[in-house]
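Quick notes on the structure that follows.
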Amino acid sequence: MTALLWILPALAAHPLTTDDPGTVGPGAGEVALSAGLAAADLEAGVAGHVGLADRLDLGATLTWAAPAAPGPALDLKWRVVDRALSVGLRADLAPSEVAGHLLFAWRGLALDLGAAGPSPALSASASAATGHGPVGLGGELGLSTTSAGGRPSAFLGAGAWVSAGAATTLSLGGRLDGGSADGTPRAPLTLLLGVTGRFTPPGSPAA
């Protein structure tokens with residue numbers, strides 16, 4: 001999902017957080033390990049996704065940011081429209097909240113609109129990505145609010161990724177935060193590292 005060509009639609013790629021309608025394919029899957037360092041704070045995560053059908057993915061994510069306890073979540077993504085403009089839906093199921101996302105992609109552009117909780121807390125992010133062969137570059141801009149209202153929080157991110165063989169992608173990037181929507185202090189700059197591995201089980205439809 002992370003190797004981009006100049007003429008292909010944008011696909012979700014760490015370290016960018018903006019999602020898109022892309023799916024991994026029936027019987028295929030991917031596992032992504034990520035880490036972020038902001039001042040003296042460390043955040044880490046592991047995510048796995050498997051293709052249940054051509055347009056349907058099931059995923060599980062575990063994130064950790066000291067001093068909080070690890071946060072598990074499940075997600076289900078459905079690529080509804082697969083044309084020049086792709087449209088998808090994603091549901092995130094975590095113990096603390098349920099969130100929904102409306103996803104769009106066209107060429108190297110992606111838009112991710114989200115809502116979480118009954119109030120709800122809203123989020124929007126947009127990314128632009130391009131690349132050639134094994135190398136890709138991208139940037140994104142995001143905005144979010146809390147369910148209690150308050151001042152919106154913005155972030156700006158950029159990153160690069162390179163495919164190390166057919167099944168592995170390495171990524172490096174940074175995120176600049178304008179503060180948190182709930183007023184919690186946050187380090188302004190986070191360094192992001194990641195590695196993504198893809199697999200296709202023998203005999204699967206995607207083989």
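The values are calculated or read from the model by the stated rules, or taken from the named source; none is laboratory data. Because the structure is predicted, anything quoted here is derived from the model rather than measured. All Cβ positions, glycine included, derive from the backbone under ideal geometry; neighbour counts span all protein chains shown.
Here are a few things to note about the model shown:
- Qualifying residue in the stretch 189-197 (condition: at positive phi and modelled with pLDDT under 95): no
- Residue within the stretch 89-98 that is without any contact (Cβ under 8 Å) to a residue 12 or more places away in the chain, part of a strand (DSSP E or B) and farther than 23 Å from residue 35 by Cα present: no
- The sole residue among 29, 51, 22 that is touching a Phe, Trp or Tyr at 6+ places or on another chain (Cβ under 9 Å) and either on the phi > 0 side of the Ramachandran plot or crowded, with 18+ Cβ neighbours inside 10 Å (or both) is 29.
- Set side by side, the residues 125, 171 differ, and just one is surrounded by 15 or more Cβ atoms within 10 Å (Cβ to Cβ), part of a strand (DSSP E or B) and either in contact with a His (Cβ under 6 Å, 6 or more places away or on another chain) or without any contact (Cβ under 8 Å) to a residue 24 or more places away in the chain (or both), which is 171.
- Checking residue 146 against (1) loosely packed, with under 15 Cβ neighbours inside 10 Å; (2) modelled with pLDDT under 90; (3) β-branched (Val, Ile, Thr), the condition it does not meet: (1)
- Which listed residue, of 114, 59, is under 24 Å from residue 189 (Cβ atoms), at pLDDT 90 or above and within 15 Å of the chain's Cα centre (by Cα): 114
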